[in-house]
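Chemist: Quick one: this structure, given as structure tokens, is what I'll be asking you about.
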């Protein structure tokens, strides 16, 4: 039963993020090319017997949106969805952390808007029998993902966080069924804390 609570929390968190990002909740799955509402698609390179496979974000002419690809592993799930005009490429980790990371961006007429990177995870305080959530939101004033010779898309995007900041697990607050937790906001390498 507790596993379902975690899944529901992730769903509620994502919905609350998208309300913040855009008040139009028309969710469109852009994993398949058949969807004419999407200008960006999730291109999957997968053989029948492979468990892990390569994914790329491409436009309608099959041109790459980012110079990087990502991998969908056995204990992960990747998705590409569109909320209003904003695209969200996300990866959910199906291990005990129930972590997720995603980038949010707009793509219009081959123009890519500034990219924001988010990372959310949970930990269990066994001594107090409490599950805590924490996360970080990272971007730059230019909104450009750093260039790197090798790397997966979300690994490279995570470098917007400068990768020197650890998550701050603070006691979560509750408002009805909603969980409010610390979300560190990092812009141009400078950290400030927010609550969701």
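Coordinate-derived values only; no laboratory data. Computed from a predicted model, the values in this text were never measured in an experiment. Heads up, the Cβs are rebuilt from the backbone with ideal geometry, glycines too, and the neighbour counts pull from every protein chain shown.
Chemist: Arrange 120, 186 by Cβ neighbour counts within 10 Å, fewest through most, would you? Display every interim value, and only then the final one.
Modeler: Values: 120 25, 186 20.
Fewest-to-most ranking of 120, 186: 186, 120.
Chemist: Also, quick follow-up: Can you sort 144, 65 by how many other beta carbons sit within 10 Å, fewest first?
Modeler: With the fewest neighbours first, 144, 65 line up as 144, 65.
Chemist: So, one more: Please give the length that would be gained between residue 46 and residue 180 if that part of the chain were fully extended, namely 0.36 nm times their separation in residues minus their C-alpha to C-alpha distance (nm, one decimal).
Modeler: 44.4 nm
Chemist: I've got another one for you. Using R₀ = 25 Å, calculate the FRET efficiency as 1/(1 + (r/R₀)^6) where r is the Cβ-Cβ separation of residue 71 and residue 112; round to 0.05.
Modeler: Working: r = 22 Å, r/R0 = 0.87.
FRET efficiency, residue 71 to residue 112: 0.70.
Chemist: Pull out the extension gain between residue 53 and residue 169, defined as 0.36 nm times the separation in residues minus the alpha carbon to alpha carbon distance; nm, one decimal.
Modeler: Working: separation 116, 0.36 × 116 = 41.76 nm, distance 3.30 nm.
Difference between extended and current length: 38.5 nm.
Chemist: Going by how many other beta carbons lie within 10 Å of each one, how would you line up 94, 57, fewest first?
Modeler: On the way: 94 12, 57 22.
Ranking 94, 57 by Cβ neighbours within 10 Å, fewest first, gives 94, 57.
Chemist: Which stretch or stretches of segment 69-96 have amide N atoms under 20 Å from the point lying 7 Å from residue 150's Cα along the Cα→Cβ direction?
Modeler: Within reach of a label on residue 150: 69-73.
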